[in-house]
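S.K.: The structure follows.
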Amino acid sequence: MVSKKILISLFFCSIFLSAQAQEEDIFGISSKAKNPKSDSGLGNVTRNVMEMFALELSTGAGYHQFATDFYSEFPDRYPLTQFQNFDTPLDISEEKPLPMKGNDWTFPVFNAGLRINLFNLLTIGGGYGQEWGNYSNMKGGDFEFAFEGDSYQISKLYGTVGLVLFDARKRVKFLKWQYRKYASANLYMQSELKQRARQIYPWRFILEGEFGQLNLKNSYDPALDIPNKPPYQPRFAVANEPYYGIGLRIERDFSEYTKLFIKGGAEFRKFTYSDEFFSEFQKIDQTLYAMQVGFSIKIPGTKRCKIGGCGVVMKHSHNGIEYRGSSIFQLQNRKIGQWY
């Protein structure tokens, strides 16, 4: 009877110690402590909210295509010329327009934004961007549509919504699904599963949608001066419609607060081009295939420890308040093998 009680006590003690080992690192500092980040309740709430936001900067380049189905009752009002077979008549109608296309490069692209991570399931963000690009003449059949300029500048306000496809948490679930065929009594394979699940997985894959409004700059005909119109009136302008895009974003964490990301995708935009009297407009579609690389910093809600003589480099507490002992560019709760 006594031996049975001893065995039961040892069993529960081992469970308790294993739980403690999972929650504690080798220094006995809890990595999952829920200590407040400020002395006041309002300050603690403010710091918790701050830590939800991340600041981002990115740059990149892209390849874009312009396309239109050209039709006008007065084609001579547009910069439409023949570049080959000069005796070919322009045979177009409303039912049979002339398809025209052009392409060129955009470089550089700059974006600055703010992003919120919602439970590692969704991301919501927004920001401001600048883009400089070139455009070549559109061609269709034997005809060429010659823009007055050869470059443009666009500013944009945009918002993003992202769905997290794969990250560290989903990796753990995937590993458990992989090892489901091994019995719980198979200690070797269960130990292998735990070791792999505890490894740091710094990658995150996000399917992201983008939408916003464009403002076209510096794309004017310097020779255009029409009566009753302001001088340098742009014939090439952004349509009053929001643009939208879709892309894949790949993130690599360097610490709990900093990450590098690469984003590739496509954006779909609409422009208009007027005739010389601004009485008629041609719709022009732009498809932009862009690649960006950027850096993200999450606003730290936990203050850096400045108490003299305290050499703890992990997150720790003083008088019940949580502090971090390392910069935001380093892992806060490092374990064995993560010190360098």
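S.K.: Go through segment 248-253 residue by residue and turn each phi into a ³J(HN,Hα) via Karplus (6.51, -1.76, 1.60, θ = phi - 60°); whole Hz please, and just put x for glycine and proline.
M.R.: Residue by residue, segment 248-253 yields 10, 10, 10, 10, 10, 6 Hz.
S.K.: Here's something else I'd like to know. Please give the FRET efficiency for Asp285 paired with Met50, using the beta carbon to beta carbon distance and R0 = 45 Å, rounded to the nearest 0.05.
M.R.: Working from the Cβ atoms, E equals 0.65.
S.K.: Over the Cα atoms of segment 54-299, what is the Rg over Rh ratio if Rh follows Kirkwood?
M.R.: 1.17
S.K.: If each residue of separation counts as 0.36 nm, what is the full-extension length gain between Phe86 and Leu121 once their alpha-carbon separation is subtracted?
M.R.: 6.7 nm
S.K.: Further question: Let's test the formula: R0 of 51 Å, r as the Cβ-Cβ distance of Asp150 and Asn319. What FRET efficiency results, to the nearest 0.05?
M.R.: Rounded to the nearest 0.05, the efficiency is 0.20.
S.K.: Same structure again: Can you put Phe66, Phe119 in order, fewest other beta carbons within 10 Å first?
M.R.: Phe119, Phe66
S.K.: Report ³J(HN,Hα) in whole Hz for each residue of segment 105-111, in order, from the Karplus equation J = 6.51 cos²θ - 1.76 cosθ + 1.60 where θ = phi - 60°; Gly and Pro get x.
M.R.: Result, rounded to whole Hz: 10, 10, 6, x, 10, 10, 9.
S.K.: Working out 0.36 nm times the residue gap between Asn134 and Phe278, then minus their Cα-Cα distance, what length gain in nm do you get to one decimal?
M.R.: Taking 0.36 nm per residue and subtracting the Cα distance, the gain is 49.4 nm.
S.K.: Continuing with the same structure: Using a 10 Å cut-off around each Cβ, can you sort Asp69, Asp253, Asp39 from fewest to most neighbouring Cβ atoms?
M.R.: Lowest to highest Cβ neighbour count: Asp39, Asp69, Asp253.
S.K.: Given R₀ = 51 Å, FRET efficiency for Ala239-Val172 by Cβ-Cβ distance, to 0.05?
M.R.: 0.65
S.K.: What are the ³J(HN,Hα) values, in whole Hz, obtained from phi via the Karplus relation 6.51 cos²θ - 1.76 cosθ + 1.60 with θ = phi - 60°, for each residue of segment 140-155 in sequence order, with x given for Gly and Pro?
M.R.: 3J(HN,Hα) across segment 140-155, in whole Hz: x, x, 9, 10, 9, 9, 9, 5, 5, x, 10, 8, 8, 9, 10, 10.
S.K.: I've got another one for you. Can you give the net charge of the other residues whose Cβ lies under 10 Å from the Cβ of Glu256, counting K and R as +1 and D and E as -1?
M.R.: Taking every Cβ under 10 Å from that of Glu256, the sum is +2.
S.K.: Strictly over 26 Å apart at the Cα level, which of Lys96/Lys270; Lys96/Lys217; Lys96/Lys139; Lys96/Lys283; Lys37/Lys306; Lys139/Lys270 would you flag in this model?
M.R.: Lys96/Lys217
S.K.: By how many nm would the segment from Leu187 to Leu114 lengthen if fully extended, with 0.36 nm per residue of separation less the alpha-carbon distance?
M.R.: Contour length minus Cα-Cα distance gives 21.7 nm.
S.K.: Let me ask you something else. Hey, if you drop one equal point scatterer on each alpha-carbon of segment 90-162 and run the Debye formula without solvent, what base-10 log of I(q)/I(0) do you get at q = 0.12, 0.13, 0.18, 0.27 Å⁻¹?
M.R.: Ignoring solvent entirely, the Cα scatterers give -0.58, -0.64, -0.81, -1.14.
S.K.: Quick query: amide H of Glu256 versus all other amide H atoms, modeled in the peptide plane; which residues come in under 5 Å with a sequence gap of 5 or more or a different chain?
M.R.: Gln332
Bear in mind that the values in this text are calculations on the coordinates, not laboratory data. A quick note: this is a predicted structure, and the numbers were derived from the prediction, not measured. Neighbour counts are summed over all protein chains in view; Cβ atoms, including those assigned to glycine, are modelled from backbone coordinates with ideal geometry.
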